[in-house]
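The values are calculated or read from the model by the stated rules, or taken from the named source; none is laboratory data. Note that the structure is predicted; figures quoted are calculated from it, not measured. These area figures cover heavy atoms from the full protein model, side chains too; ligands, DNA and RNA do not enter into them. Shrake-Rupley method; radii C 1.70, N 1.55, O 1.52, S 1.80 Å.
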Amino acid sequence: MTSQHLSAHTRSRFARSRLGVAHVDDRHDQEFTVVGNHLAQHPDLSLTAIGLATHIQSLPEGALVGIKVLAAKFPEGETRIASALRELEKHGYLSRTKERLPSGQIVTRTTSYNKPRKRTVRAVPAPRREPAPDLKEPEHPVPAPASALSAPDLPAHRVARNVLAGLRTHDPRLHLAERDVRRLAPAVGAWLERGVAPDDVQRTLSSGLPPEGVRHPAGFLAHRLTTLLPPSFEPFDSGREAARPAPLQNCDGCDRAFRSPGPGRCRDCRVGAEAA
């Protein structure tokens, strides 16, 4: 006499999968994550993005998901992980926003969605006195200013070329050819002569890029260098150099933003390391 096993968890689908993949499904009673087919079979996401979204959805609330933290776990590297995160943002599975804490510290808030959300663009109020600068890419490439037609090998121009060449680390869409870097270097030098730090020039040129992408990086940057050029000013006290805050850095330990002259770890991570 045969007995019926009502508690059996394993079922096969071989009868329906003769020509393709065969499935053997075991029931998960604990430590599992439900992932929708809209993500697992998304036609426009890369496998890296699908796997990264699945990993993030499986993490507990409050887990760190910064680029450096993820790159330390997986072999894909920071470039591929950053690209996958942008894919998930584009398709509504992830949102990242910068917030300033009451202490003045700037942190990144990441929200993961198990069902995609429609992207919403926050309306930025226009300034009262001055019109908001046009941050869209011009229809046709804008030529560089007349002063940027030649770039002699001066120390200031070498710094300017490093600023331009380093833009691709902020966003791969701003990759420039060598001839474009030399052609635009004098325009960046004008910013440096007006007291703008190199890091601030890079942040201004690489922030708020058009969501549809940048077709002509050199023309786009020439447009911004011309229209967003800050005015020159005379220091109030020429005897003392105005104190500038240290630039923002990403902590190598927790990926939070903090101010420091150079890269490294934030104060909390340094204290934790010393205590350990």
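The solvent-accessible area of Arg173, taken with every protein chain present and a 1.4 Å probe, is close to 90 Å².
Using a ≥ b ≥ c from the Cα gyration tensor of region 21-75 (square roots of the eigenvalues), is it rounded, prolate or oblate, where a/c under 1.5 gives rounded and otherwise the larger of a/b and b/c decides, a/b for prolate?
Working: a/c = 2.08, a/b = 1.33, b/c = 1.56.
Oblate, because a/c is 1.5 or more while a/b does not exceed b/c.
The distance from the alpha carbon centre of region 163-183 to that of region 209-229 is 12 Å, rounded to a whole number.
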